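What follows is calculated from the coordinates using simple rules that are stated; it is not laboratory data. This structure is a prediction, so every number in the text was calculated from the model and none was measured. With ideal geometry, Cβ positions are generated from the backbone for all residues, glycine too; neighbour counts draw on all protein chains shown.
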Ligand SMILES: Cc1ncc(COP(=O)(O)O)c(C=O)c1O
């Protein structure tokens with residue numbers, strides 16, 4: 001890079017952005033892909049042609065509807081959104097996190113994160129210009145409530161993200177701890193329920209009690225990660241503000257039509273989620289039988305496994321060589337030392353993972 005270009009970048013690009021690393025998505029072609037908490041099953045075979053038929057009617061020459069009423073009411077009905085609350089659609093829940101952060105990023109505003117947690121909270125907050133305050137979870141991955149309450153008192157965060165269940169720890173937080181954090185928060189609290197289909201517990205009814213609470217959901221984990229559709233549920237007063245920062249046509253027509261089709265066949269996706277919950281039990285038991293591996297309980301479609309000290313980077317590489325992609329979270333947080341995050345796959349994929357780890361450890 002020429003000196004001139006380098007100094008222009010320094011002069012023009014905000015230091016917070018220059019200090020960041022772009023979110024890394026590893027190549028996955030021809031690999032057993034167990035790194036990103038996707039549903040491993042495609043559309044059930046009999047639905048694929050009906051879905052393709054729906055797409056044939058789409059008017060791609062027109063902009064998409066900015067607020068598709070039928071899709072919004074279908075999502076609201078399916079989720080059981082409480083009366084008086086509304087939905088805002090995002091291009092994945094990532095986009096909604098970005099909208100919230102952009103709107104709350106007044107100078108000096110802080111976002112509080114119990115960590116380790118979903119890495120995009122901190123990345124997006126920094127891009128938006130929010131200061132990030134982290135409070136470590138306890139060793140059993142529960143919220144450290146006294147530490148959270150002290151941080152709330154001292155830092156007065158504008159925003160708190162609570163992923164419940166949490167990624168990458170795969171656990172739900174205790175209900176009483178969640179409530180205590182929401183009650184103490186001076187700003188907005190977002191409970192991210194991306195893994196609701198595998199946990200079955202929700203704080204949606206609490207929206208009737210707390211006007212400063214928002215609930216985030218996504219269709220990504222039930223089998224539609226490629227669609228990019230997330231939604232934020234909460235009181236209209238908040239959503240109307242965030243809507244001003246939303247780009248007008250953020251949800252493509254193909255996504256809108258496909259999502260409505262998927263919701264009409266939601267039972268089929270629910271069956272797949274049920275299969276994955278059964279596979280989660282199988283995988284956890286099979287991995288626990290591998291000597292020296294610690295397997296943490298999971299309320300999601302993935303689990304955290306801890307390997308013997310110092311082995312995680314090499315085992316991650318060896319698994320790749322064996323054709324299996326998982327996520328190494330070693331080095332990203334002290335609580336995640338020596339750990340891999342593995343997504344629950346199909347029975348064949350899970351068996352392959354267990355065999356490979358059994359050989360490697
Ligand atoms: C807790 C949590 N929230 C949100 C997301 C992102 O979901 P989406 O695909 O809707 O952007 C993820 C993805 O892994 C996640 O783990």
Next on the checklist: Using all alpha carbons of the range 210-255, what is the percent of pairwise distances in each 5 Å bin, ordered from the shortest bin to the longest?
Outcome noted: 5, 18, 23, 23, 18, 11, 2
Checklist entry - Which whole-number percentage describes the relative contact order of the range 59-266, with Cα contacts under 8 Å and a sequence gap of 6 or more? => result 29 percent
Item to check | Förster-model FRET efficiency, 45 Å R0, residue 179 and residue 355, C-beta, rounded to 0.05 | outcome: 0.55
Checklist entry - Put a dot 7 Å past each Cα toward the Cβ at residue 321 and residue 202; how far apart are the dots in nm? => result 4.6 nm
Checklist entry - Sorted from largest down, what three extents in whole angstroms do the Cα atoms of the range 59-266 have along their principal axes? => result 53, 36, 30
Checklist outcome for this item: Restricting to Cα pairs under 8 Å and 6 or more apart, the percent relative contact order of the chain works out to 22 percent
Checklist entry - Where does each of 349-359, 332-342 land if you order them by average Cβ count within 10 Å, highest first? => result 332-342, 349-359
Checklist outcome for this item: Under the 7 Å Cα-to-Cβ spin-label approximation, residue 270 and residue 289 lie apart by a distance in nanometres of 3.2 nm
Next on the checklist: For a protection proxy built on the mean count of beta-carbon atoms within 10 angstrom, sort 19-31, 55-67 highest first, please.
Outcome noted: 55-67, 19-31
Item to check | DSSP-defined antiparallel bridges as percent of all bridges, the chain, nearest 5 | outcome: 50 percent
Checklist outcome for this item: Taking a ≥ b ≥ c as the square roots of the Cα gyration tensor eigenvalues, with a/c under 1.5 meaning rounded and otherwise prolate when a/b beats b/c or oblate if not, the chain comes out rounded
Next on the checklist: 7 Å from Cα along Cα→Cβ at both residue 348 and residue 48: what's the point-to-point distance in nm?
Outcome noted: 1.4 nm
Item to check | Peptides 45-53, 245-253 ordered by average Cβ neighbours within 10 Å, highest first | outcome: 245-253, 45-53
Checklist entry - To the nearest 500 deg cm²/dmol, what mean residue ellipticity at 222 nm is calculated for the chain from DSSP H runs of n ≥ 4 alone, each contributing -39,500 (n - 2.57), summed and divided by the residues? => result -12500 deg cm²/dmol
Checklist entry - Relative to the present Cα-Cα distance, how much length would full extension add between residue 70 and residue 23 at 0.36 nm per residue of separation? => result 13.6 nm
